[in-house]
Each structure stands twice: as structure tokens, then as C-alpha cells.
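These notes are about the structure you will find just below.
The values are calculated or read from the model by the stated rules, or taken from the named source; none is laboratory data. Keep in mind it's a predicted model, so treat the numbers as computed, not measured. All Cβ positions, even for glycine, are placed from backbone atoms using ideal geometry, and neighbour counts span all protein chains on display. To get the accessible areas, we keep the full protein, side chains included, count just its heavy atoms, and leave off ligands, DNA and RNA. Shrake-Rupley method; radii C 1.70, N 1.55, O 1.52, S 1.80 Å.
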Amino acid sequence: MGYRVAVVGATGNVGREMLNILAEREFPVDEIVALASRKSMGTEISFGDATLKCKDLDTFDFTGWDIALFAVGSDATKVYAPKAASQGCVVIDNSSLYRYDADVPLIVPEVNADAIYGYTKKMIIANPNCSTAQMVVALKPLHDRARIKRVVVSTYQSVSGAGKEGIDELWDQTKSIYNPTDNKPPKKFTKQIAFNVIPHIDVFLDDGSTKEEWKMVAETKKILDKNIKVTATCVRVPVFVGHSESINIEFEEFLDEHEARDILRESPGIMVIDKRENGGYVTPVECVGDYATFISRIRQDSTIDNGINLWCVSDNLRKGAALNAVQIAEVLGVRCLKKG
């Protein structure tokens, strides 16, 4: 006996990826439905070898459905997630709406799977920000060994993190660079993204940080340890898919780079590719379509007593969003619902 699963926002990049991953990982589905706004009704979406036709989210009754994977913005989530939850369907939400709610668990299964039991308070589980998800997968096993005091992270985030509009803008601007008569000014981003980098993701806050940077701080504390100090600089780069991060970690006690490499090699969800030679590291192009969080460039930081530097790369549409949501559903099924 399997689960009845709804994918909300099935026509978007993350929604489509959720359906792909549910099929790839052979999630025990008895029945699945693709939901989207009324204008997308009837749109055909692939699920493994099957084809689903989108149904109208606005009129859908979640009664009798087990799990709803939400891949829509906060405004829509605010309307439909409580509706699904009130009808007995557990919501796994990819928006930022519930991440900081004390009554909603925020989960990365490799890091804090035990938090799953808190879902009963609101029948909602939150999926973290894409840049946070891959970072805490890397931090968790090191934190268990040597206790992390402080993290300094700079991100190199792909345009797919801004949705289809972000992907289209990079594509159109890149082509227009070679065609002087076809100017494509910024629309989705604040400045030209083609052949450029933009140190600005989400809105600015009073302290000069951006909301994206604040998310990484708040979510790392909630998921991993409230005592870790985190400072982040989040940058949009002209890459279609795959987020990269340069992470500097300060520990309470000394951790040798060789031991850190061994720990990471044995940790769930991580693939270490770290050779000190040309090409002996992973770039975002190489991580696309993969489940793993890739770690490279592991080395001692000689400027502090207990420091390690590393490079972290992951497919943001997978581990940063759709894969993590499906992994949460898997944990929910095994530990709580116990049907599949």
C-alpha cells in the first residue's frame, strides 16, 4: 500500500523536478496528481513513463491525500497549504513562508531527520533555502566531530534559483551581447547577468545584508545549531543550474584537513572530489542532475587556530529544492505514516 501524493506547482522548474525525482527514486506512490493554477489546467507533465494532466489547485480537495509537495511562492502557499493541512494532508513546503515558524520543522534529512516528528503541530514541514541545504549537509559531520564556532560563506548562485525568468534572462542577454541591435536590459535581475556577477539576491535589510543572506544565517541555526555564528555574502552568477559556495569554518578544537576529508567521504549525501591538480574539483556544470553535494578544495586555514576552507557545489533544483523535499517525504513515510 503506497501513498497518494499531490505535487503543487507542477508546471514550474522545481515542480517538474519533484515529479522526476519521485519517479527516479521509486517513491511508493499509489496515486499522484499534478496541480497548478487554473491557466495551466490540462497541461501535460511527465511522471516516469506516465503523463499527467494538471488539475486546478483552486478547486482541489486534499481529503484522503497523504502528502502534498508544494513548489509555489509564499503567497499561494499561504492560501493553499493550510487548506491541505486542515484536510489531513501533510504539506512539504518549498517556499520560505513557514521556515522560521517554531511549530514547523525545517528539515535536511542528512542533518536533522529526527525533527520530522514535529510535523503534527501544523501538518506542515518546511524545506530550506537552496543555498542553506547544501551547506548544512557539508557542515553537519564536521560539527559532530569538532563543534563549529563560526562560518563565513560566499555563494555563487545560478540563475535557476530565480526561476524560469532568471534562466530566460541569462539566455536572452547572452545572445544579445553578440547582436548589438538586440539589447536586452535587466528585468528579473537588478543588473546585467550575462558575463557579470551580482552581489544582491532578494531584498536589502536594515543592516545592509540581503534577505538571502539572512536566510542562510537563520536556517543554519534552526537546522544545525543555534550557537553557530554565520555570516554570508550571496552572489548571483551567470550559470544556469548549480549553486557553488566557498565556505570558511572555524572550529572549537583543531581538525586536520586529512581527517576532515575522510569524515566527509563517509558522510551521507556527500561526494568528495578533491585532487590538487588541474580539474581535480567539481564545478556547477558537472553537478547538474546529480543527487550529491560535492565537496572539493578542502584545506587548512592557517590564519586561525582551528580553521578549514572548502568548496561546496550542488544542483540547486535537486538537493536545494526538489530532492530534499522528496527525501523529507521518504523520512515522513518510514518514520511516521508507515504506509509504503
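Here's the picture: charge each Lys and Arg Cβ at +1 and each Asp and Glu Cβ at -1 in the chain, and of VAL230, LEU52, SER160 the one pushed furthest to the positive end of that dipole is LEU52.
For the chain, calculate the relative contact order in percent as a whole number, restricting contacts to Cα pairs under 8 Å that are 6 or more residues apart.
Numbers: 769 pairs, mean separation 62.3, N = 340.
Reported as a whole number, the value is 18 percent.
Thinking of segment 89-189 as a set of Cα atoms, what percent of all their pairs are more than 16 Å apart? Percent of Cα pairs beyond 16 Å in segment 89-189: 69. Three principal axis extents of segment 275-340 based on alpha-carbon atoms, in descending order, are 51, 31, 16 Å.
With only Cα atoms counted, segment 1-64 has Rg and Dmax values of 11.1, 33 Å. For the chain, the dipole from Cβ point charges (+1 on Lys and Arg, -1 on Asp and Glu) about the Cα centre works out to 580 debye, to the nearest 20.
Taking a straight Cα-Cα cut-off under 28 Å and skipping sequence neighbours fewer than 8 places away in the same chain, the lysines within cross-link reach of LYS191 are LYS164, LYS175, LYS211, LYS215, LYS319. Listed options for mean projected area of the Cα convex hull in nm² are [x] 16.7; [y] 18.7; [z] 15.9. The value calculated from this structure is the one marked [y]. Peptides 331-338, 179-186, ordered by how many other C-beta atoms sit within 10 Å of their residues on average, highest first, read 331-338, 179-186. Near HIS143, once Lys and Arg are set to +1 and Asp and Glu to -1 for all other residues with Cβ below 11 Å from its Cβ, the sum equals +1.
Calculated accessible area for the chain comes out at 45 Å² per residue, all protein chains present (probe 1.4 Å; ligands, DNA, RNA ignored). The Cβ shell under 12 Å around ASP168 holds other residues with a net charge of +2, Lys and Arg each +1, Asp and Glu each -1. Size descriptor for segment 1-145, Kirkwood hydrodynamic radius: 15.7 Å (Cα pairs only, one decimal). Taking the square roots of 5 times each eigenvalue of the Cα gyration tensor of segment 33-92, largest first, gives ellipsoid semi-axes of 19, 14, 10 Å.
Overall, the accessible surface of the chain at a probe of 1.4 angstrom is composed of carbon and sulfur to the extent of 49 percent. Our coupling estimate for segment 154-159, obtained by passing each phi through the Karplus curve with A = 6.51, B = -1.76, C = 1.60 and θ = phi - 60°, is 10, 9, 10, 9, 6, 6 Hz, Gly and Pro reported as x.
What whole-number value in cubic angstrom gives the convex hull volume per residue for the C-alpha atoms of segment 161-218? Could the numbers behind the result be given before it?
Working: hull volume 4.8 nm³, N = 58.
Spread over its residues, the Cα hull of segment 161-218 gives 83 Å³ apiece.
Every Cα-Cα pair of segment 209-340 was included, and the share exceeding 22 Å stands at 47 percent.
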